[in-house]
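Coordinate-derived values only; no laboratory data. Note that this is a predicted model, so its numbers are computed, not measured. Counting neighbours? That spans all protein chains shown, and the Cβs are built from the backbone with ideal geometry, glycine included.
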Amino acid sequence: MVTTSLKLPDTLKQRIGVLAEAAGKTPHAFMVEALTEQTERVEKRREFLQSAIASKEHFEKTGISYDADSVHAYLKAKIRGKSTMRPEPLKR
């Protein structure tokens, strides 16, 4: 492990202390958990945006898309456990 120093405002340090104690954790464990969760959240958002960009590029290249109403109906049927046909792709 690497040691890193954080300079925290006194009020934030106090808030962390109160919340960490209520959660049964040390302030250190609380901060490590918070940093881990934020890092994962930002990574997932980055992956989501990269996927969206790739999807847009694929659409621009192929012109293939799906009717949103058909996709929604398909997903609702699948969630209900009903047998249904996949929506047909549309070509522009």
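Can you tell me which residues in the stretch 2-18 are within 15 Å of Leu35 (Cα to Cα) and not small (Gly, Ala, Ser)? Step through it out loud before you land on a result.
First, the residues of the stretch 2-18 that are within 15 Å of Leu35 (Cα to Cα): 2-8, 12-13, 16.
If the condition is that a residue be within 15 Å of Leu35 (Cα to Cα) and not small (Gly, Ala, Ser), then Val2, Thr3, Thr4, Leu6, Lys7, Leu8, Leu12, Lys13, Ile16 are the ones that fit.
Figure legend. Inter-residue proximity from the stretch 66-92: first residues over 23 Å from Lys56 (Cα atoms) and without any contact (Cβ under 8 Å) to a residue 12 or more places away in the chain, second residues surrounded by 11 or more Cβ atoms within 10 Å (Cβ to Cβ) and of a type in the set (D, E, K, R), beta-carbon distance below 8 Å, spacing 6+ or different chains. Indicated pairs: Thr84/Lys78.
Please indicate, with yes or no, whether at least one residue in the stretch 64-87 is β-branched (Val, Ile, Thr) and within 19 Å of the chain's Cα centre (by Cα). No, the conditions are met nowhere in the stretch 64-87.
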